[in-house]
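> Take this structure first; my questions come after.
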Amino acid sequence: QVQLVESGGGLVQAGGSLRLSCAASGRIFSIYDMGWYRQAPGKQRELVADITTSGSTNYADSVKGRFTISRDNLKNTVYLQMNSLKPEDTAVYYCRMRRPFPPNDYWGQGTQVTVSS
(Lines give C-alpha, C1' and ligand atoms only; values in the text may rest on other atoms or scores of the structure.)
Protein backbone atom coordinates (compact mmCIF):
# COMPACT_ATOMS: atom_id res chain seq x y z
CA GLN A 1 0.00 0.00 0.00
CA VAL A 2 1.06 3.56 -0.67
CA GLN A 3 2.01 5.66 2.31
CA LEU A 4 2.63 9.38 2.02
CA VAL A 5 4.24 11.10 4.98
CA GLU A 6 4.26 14.88 4.96
CA SER A 7 6.36 17.17 7.08
CA GLY A 8 7.52 20.76 7.26
CA GLY A 9 4.29 22.60 7.89
CA GLY A 10 3.88 25.09 10.66
CA LEU A 11 3.40 28.70 11.58
CA VAL A 12 5.44 31.36 9.85
CA GLN A 13 5.30 35.11 9.49
CA ALA A 14 4.49 36.75 6.20
CA GLY A 15 7.58 36.95 4.04
CA GLY A 16 9.07 33.85 5.57
CA SER A 17 9.79 30.47 4.10
CA LEU A 18 8.88 26.86 4.65
CA ARG A 19 9.91 23.66 2.96
CA LEU A 20 7.40 20.85 2.81
CA SER A 21 8.47 17.27 2.29
CA CYS A 22 6.46 14.25 1.26
CA ALA A 23 8.05 10.85 1.51
CA ALA A 24 6.40 7.98 -0.31
CA SER A 25 6.72 4.32 0.44
CA GLY A 26 5.16 1.13 -0.81
CA ARG A 27 5.64 1.80 -4.52
CA ILE A 28 8.33 2.63 -7.02
CA PHE A 29 8.34 6.38 -6.59
CA SER A 30 9.96 7.32 -9.88
CA ILE A 31 7.03 6.15 -12.00
CA TYR A 32 4.48 8.46 -10.40
CA ASP A 33 3.62 12.06 -11.08
CA MET A 34 3.59 14.00 -7.82
CA GLY A 35 1.83 17.13 -6.74
CA TRP A 36 1.01 19.51 -3.94
CA TYR A 37 -2.50 20.78 -3.34
CA ARG A 38 -3.93 23.04 -0.72
CA GLN A 39 -7.31 23.74 0.77
CA ALA A 40 -8.27 26.72 2.86
CA PRO A 41 -11.38 26.73 5.04
CA GLY A 42 -14.47 27.19 2.92
CA LYS A 43 -12.54 26.92 -0.32
CA GLN A 44 -12.09 24.25 -2.95
CA ARG A 45 -8.93 22.21 -2.94
CA GLU A 46 -6.60 23.61 -5.55
CA LEU A 47 -3.43 22.57 -7.29
CA VAL A 48 -0.34 24.36 -6.05
CA ALA A 49 2.32 22.61 -8.09
CA ASP A 50 3.00 19.29 -9.70
CA ILE A 51 5.94 17.50 -11.19
CA THR A 52 5.90 14.68 -13.69
CA THR A 53 8.02 11.57 -13.80
CA SER A 54 10.23 13.34 -16.32
CA GLY A 55 10.68 16.40 -14.14
CA SER A 56 8.34 18.81 -15.88
CA THR A 57 6.70 21.24 -13.45
CA ASN A 58 3.53 23.24 -13.33
CA TYR A 59 2.48 25.94 -10.87
CA ALA A 60 -0.63 27.78 -9.92
CA ASP A 61 -0.45 31.41 -10.99
CA SER A 62 -0.72 32.52 -7.38
CA VAL A 63 2.56 30.85 -6.41
CA LYS A 64 4.68 31.25 -9.52
CA GLY A 65 8.00 32.81 -8.70
CA ARG A 66 7.64 32.01 -5.00
CA PHE A 67 7.24 28.24 -4.76
CA THR A 68 9.40 25.50 -6.21
CA ILE A 69 8.51 21.85 -6.49
CA SER A 70 11.21 19.24 -6.81
CA ARG A 71 11.67 15.54 -6.39
CA ASP A 72 14.41 13.21 -5.31
CA ASN A 73 13.68 9.78 -6.70
CA LEU A 74 16.49 8.17 -4.74
CA LYS A 75 14.83 9.32 -1.53
CA ASN A 76 11.26 8.76 -2.75
CA THR A 77 10.52 12.32 -1.71
CA VAL A 78 8.88 15.36 -3.24
CA TYR A 79 9.47 18.85 -1.88
CA LEU A 80 7.74 22.17 -1.98
CA GLN A 81 9.96 25.13 -1.21
CA MET A 82 7.75 28.07 -0.28
CA ASN A 83 9.30 31.52 -0.17
CA SER A 84 7.82 34.97 0.35
CA LEU A 85 4.84 33.46 2.06
CA LYS A 86 1.63 35.44 2.28
CA PRO A 87 -1.35 35.10 4.60
CA GLU A 88 -3.32 33.97 1.56
CA ASP A 89 -1.11 30.87 1.45
CA THR A 90 -2.61 29.66 4.71
CA ALA A 91 -4.16 26.26 4.07
CA VAL A 92 -3.83 22.57 4.62
CA TYR A 93 -1.32 21.29 2.10
CA TYR A 94 -1.72 17.82 0.68
CA CYS A 95 0.74 15.62 -1.11
CA ARG A 96 -0.67 13.66 -4.04
CA MET A 97 0.72 10.69 -5.90
CA ARG A 98 -0.84 9.89 -9.24
CA ARG A 99 -0.93 6.32 -10.47
CA PRO A 100 -0.78 6.23 -14.27
CA PHE A 101 -2.67 3.01 -14.85
CA PRO A 102 -5.23 2.30 -13.82
CA PRO A 103 -5.60 6.02 -13.12
CA ASN A 104 -5.86 6.78 -9.43
CA ASP A 105 -4.66 9.33 -6.89
CA TYR A 106 -3.20 8.74 -3.47
CA TRP A 107 -3.23 11.47 -0.84
CA GLY A 108 -1.36 12.30 2.27
CA GLN A 109 -3.22 13.35 5.38
CA GLY A 110 -2.28 16.99 4.95
CA THR A 111 -0.10 19.40 6.85
CA GLN A 112 -1.17 22.79 8.11
CA VAL A 113 0.61 25.89 6.88
CA THR A 114 -0.32 29.10 8.65
CA VAL A 115 1.10 32.44 7.59
CA SER A 116 0.55 35.31 9.97
CA SER A 117 0.42 38.92 8.89
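The values are calculated or read from the model by the stated rules, or taken from the named source; none is laboratory data. These figures come from a predicted structure and were not determined experimentally. When we count neighbours, we look across all protein chains shown, and the Cβ atoms used for this are built from the backbone with ideal geometry, even at glycine. Surface accessibility is based on the protein's heavy atoms, side chains included, excluding ligands, DNA and RNA. Shrake-Rupley method; radii C 1.70, N 1.55, O 1.52, S 1.80 Å.
> So which residues in the range 45-69 are surrounded by 15 or more Cβ atoms within 10 Å (Cβ to Cβ) and closer than 16 Å to F29 by Cβ, if there are any at all?
Hits for the range 45-69 are D50, I51, T53, I69.
> Here's another thing I want to ask about it. Please indicate, with yes or no, whether at least one residue in the range 24-35 is modelled with pLDDT of 95 or more and among the hydroxyl-bearing types (S, T, Y).
no
> Could you tell me whether any residue of the range 49-59 is modelled with pLDDT of 95 or more and either closer than 12 Å to D89 by Cα or charged (D, E, K, R) (or both)?
Yes, the range 49-59 contains at least one residue that is modelled with pLDDT of 95 or more and either closer than 12 Å to D89 by Cα or charged (D, E, K, R) (or both).
> Ok, one more. Any idea which of (1) of a type in the set (K, R); (2) under 15 Å from V92 (Cα atoms); (3) within 14 Å of the chain's Cα centre (by Cα) is the one K43 doesn't satisfy?
(3)
> Which one of the conditions (1) surrounded by 19 or more Cβ atoms within 10 Å (Cβ to Cβ); (2) modelled with pLDDT of 95 or more does K86 fail to meet, given that it meets all the rest?
Looking at each condition in turn, K86 falls short on (1).
> Does D105 qualify as being farther than 30 Å from Q13 by Cα, open to solvent by 40 Å² or more (accessible area, probe 1.4 Å), within 12 Å of the chain's Cα centre (by Cα) and among the acidic types (D, E)?
no
> Which condition does I28 not pass, out of (1) within 14 Å of M97 (Cβ to Cβ); (2) under 10 Å from the mean Cα position of the chain (by Cα); (3) open to solvent by 40 Å² or more (accessible area, probe 1.4 Å), if it passes all the others?
It is condition (2) that I28 fails.
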